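A.B. asks: Got a structure for you, questions after.
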Amino acid sequence: MLKNFLTLAVRNLLKRKLYSFINIFGLAIGVAVCLVILKYVDFELSYDSFHKNASQIYRTVTTSYRNGEFRGSGVISSYAQGPSLLADEPEVKAYIRTHPMYGGAVVTYKRETGDPSTFHEESMQFVDSTFFHAFTYSALQGDLNTALNNPKSVVITRKTAGKYFKKDEDPIGKILQVSGGWADDDSQSFAKRSIQT
């Protein structure tokens, strides 16, 4: 019986080739589009959901106008926005400011023996000391609750530590020199500073 149904189906498909192609191709496109949309929605709903307080974390967006003309919007805000929101809005419990190091930076690690290692880093962020109070990460070494208490301290990933330091070398307490970025030489700047891991 099943063999007869299959034979009949194949005969009908071959008899109406163009009609069959349009139907099968349309069905395949529809299924593919549904799968892509499903994957996109799944990604958007799961983005950063691993943070313990993910439902209470919000990012502010700034929209700029000049002379009534829309200039753009983005996640850039003024330095005082966080403290102002905390003071003026009772719903705001804490704030965290982040600032990218525009233009990247050159990171140099001077070992006690041998030549210094120099790396160009494109994605560095300056953050408030309370960064790890809101965002959930685990540390391989050190304490994330106090890791950023010193303004010249840095937290690096395992991959970055593997790039800067030798396999048997302990990165805790080592000094990295950071040069470059957005600051100019006339201000208290990040143009050249040393940070401690």
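A.B. asks: How many percent of the accessible area of segment 80-130 is carbon or sulfur, using a 1.4 Å probe? Can you show the working numbers first?
C.D. replies: Working: 1820 of 3450 Å².
Solvent-exposed carbon and sulfur of segment 80-130 make up 53 percent of the total.
A.B. asks: For segment 95-181, list log₁₀ I(q)/I(0) at each q in 0.10, 0.11, 0.23 Å⁻¹, using the Debye formula over Cα point scatterers of equal strength and ignoring solvent, two decimals each.
C.D. replies: Per q value, in the given order, log10 I(q)/I(0) is -0.27, -0.32, -1.36.
A.B. asks: Using helices alone, I'd like the mean residue ellipticity at 222 nm for the chain: each DSSP H run of four-plus residues gives -39500 (n - 2.57), total over residue count, nearest 500. Can you show the working numbers first?
C.D. replies: Working: 5 runs with 63 residues, N = 197.
Per the formula, -10000 deg cm²/dmol.
A.B. asks: Still on this structure: With Rg and the Kirkwood Rh both taken from Cα atoms, where does Rg over Rh land for segment 1-114? Spell out each step's value before the answer.
C.D. replies: Details: Rg = 28.7 Å, Rh = 21.7 Å.
Rounded to two decimals, Rg/Rh equals 1.33.
A.B. asks: Please sort 56-65, 102-111 by packing, taking for each peptide the average over its residues of neighbouring beta carbons within 10 angstrom, highest first. List each step's numbers first, then the result.
C.D. replies: Numbers: 56-65: 10.6, 102-111: 15.4.
Highest mean packing first, the order is 102-111, 56-65.
A.B. asks: For segment 1-57, treating each Cα as an identical point scatterer without solvent, what Debye log10 I(q)/I(0) comes out at q = 0.25, 0.31 1/Å?
C.D. replies: -0.94, -1.09
A.B. asks: Using the Cβ atoms and a cut-off under 15 Å, what net charge is assigned to the surroundings of residue 113, where Lys and Arg are +1 and Asp and Glu are -1? Can you show the working numbers first?
C.D. replies: Details: positive: 110, 111, 166, 174; negative: 112, 115, 168, 169.
Once all neighbours under 15 Å are counted, the net charge is 0.
A.B. asks: So, for the chain, what is the accessible surface per residue at a probe of 1.4 Å, expressed in square angstrom? Can you show the working numbers first?
C.D. replies: Values: 15830 Å² over 197 residues.
Here the residues of the chain average 80 Å² of exposed surface.
A.B. asks: How about residue 163: which lysines have a C-alpha closer than 29 Å to its C-alpha, ignoring those fewer than 8 places off in the same chain?
C.D. replies: Straight-distance partners of residue 163: 110, 152, 174, 192.
A.B. asks: Further, regarding this structure: What net charge do the residues around residue 122 carry, taking every other residue with its C-beta under 15 Å from that of residue 122, with Lys and Arg at +1 and Asp and Glu at -1? Display every interim value, and only then the final one.
C.D. replies: Details: positive: 159, 163; negative: 121.
Overall, the nearby charge balance is +1.
A.B. asks: Please list the equivalent ellipsoid semi-axes of segment 51-119, computed as the square roots of five times the alpha-carbon gyration tensor eigenvalues, in descending order and whole angstrom. All intermediate terms of the calculation are to be shown ahead of the outcome.
C.D. replies: Values: eigenvalues 258, 86, 25 Å².
Ellipsoid semi-axes (Å, largest first): 36, 21, 11.
A.B. asks: Now, a different point. Report, in debye and to the nearest 20, how large the dipole of segment 78-131 comes out about its Cα centre when Lys and Arg carry +1 and Asp and Glu carry -1 on their Cβ. Working shown, then result.
C.D. replies: Numbers: 4 positive and 8 negative charges, 30 e Å.
My answer is approximately 140 debye.
The values are calculated or read from the model by the stated rules, or taken from the named source; none is laboratory data. Just so we're clear, the structure is a prediction, and the values are computed from it rather than from any experiment. Note: ideal-geometry Cβ built from the backbone for every residue, glycine included; neighbour counts use all protein chains shown. The protein model used for the area step is the full one, side chains on, heavy atoms only, and it has no ligands, DNA or RNA in it. Shrake-Rupley method; radii C 1.70, N 1.55, O 1.52, S 1.80 Å.
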